[in-house]
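The values are calculated or read from the model by the stated rules, or taken from the named source; none is laboratory data. Predicted model, so just to flag it, every value in this text is computed and none were measured. Don't worry about glycine lacking a Cβ; one is built from the backbone with ideal geometry, like all the others, and counts go over all protein chains shown.
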Amino acid sequence: MNSHPASAIHYRDSRTTLYVGDATTVLKRLPSGSVDCVVTSPPRWDSYTHETGARMDNHDHVRGGTTTPQRYVNGLVEVFAQLHRVLADTGTVWVNLGDSYSAGPPTRFGKSVHGNVPLGADGTSQPAAAVRHAGDATSHGAPARSLLGMPWRVAFRLQADGWILRNAIVWNRTDAHSEEVRESRWNRYQMVFLLAKQRRYFFNLDAIREPLVHSKAAAGDTGPSGKRRQIVSDTPARRGSSARSRGKNPGDVWSIPQPQICAVYPASLPVDLPLRCIAAGCQEEGVVLDPFSGVATTGLAAHQLGRSYIGIDLNPGLHDVGLDRFGLESDRTNWSAAA
């Protein structure tokens, strides 16, 4: 990794490397098999911001020229092709994806149907009338205001590209912030997919077991700092009382609050989510990567668990916020370490 051009590095020390640049471009420079675990939350596709020309995110490889859901998916597939190369054979990838709605065409009220629904004289919403007057009831191949299923579109494409889709975890955002949706239910969950390169991969279930209720479970650490190493395969394991005594399997619905922890980047994950992913999916003293680093919440979790961190983002300002969260300062003299 010392051959990387200094211009791509924002910060580097013995356990943290932050790159400024497009995810795919930077990943192409990383050595094969050099990463043990990937935890990431790519910017979600938002048809409304695309159609109005608003800036969606800070990742050109996903955003640039992306006017359709398919192009968005194709961009992520390219990123994940490079992740497949840099990931160790027994490594894991955890990807959080939020969904989006199709936008309707501009209405006679001057707004896309994706935005605030125009109100009739009686104060009730009239999305159907708005679409009818606009003369087009579909957007990107789906009826206007349809939930697009973007997480699953991405997951199935990655599966077709060779990734093993091991789990689909529902992240129940127990205190998610309100979304401005008047005529549908408030979206309280997002998906977290667990991907692997091969049938045998690193997974430490004991590290994320939940405490048993009214149980005399064996003493020991059953939280994210658990240190029991385990290689798993798709061969069913024995289910004995010994395993149950160490705690309960957390299953595939994770109830984790999503407080707004960063005003400059409100979409940042709660640290408890990457903590759980890294504890289960990364070996001790391993290397964790986030190709859409943002304010480095994944890095914060990696450091708490004694792992090294590589973060990639186009926005150096977000890296600076991440460094502040690490208790570090952006010192450009550290670039010389990569020269």
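For the reader, a short list of remarks on this structure follows.
- Candidates R145, R132 - the one that is modelled with pLDDT under 75, over 23 Å from the mean Cα position of the chain (by Cα) and not in a helix (DSSP H, G or I): R145
- Positions within region 19-47 being closer than 21 Å to P270 by Cβ, in contact with a strand residue (DSSP E or B) (Cβ under 6 Å, 6 or more places away or on another chain) and not β-branched (V, I, T), in sequence order: C37, S41
- Looking at region 222-339, none of the strands (runs of 3 or more DSSP E) lying wholly inside it contains 2 or more residues that are closer than 21 Å to A196 by Cβ, modelled with pLDDT of 95 or more and touching a Phe, Trp or Tyr at 6+ places or on another chain (Cβ under 7 Å).
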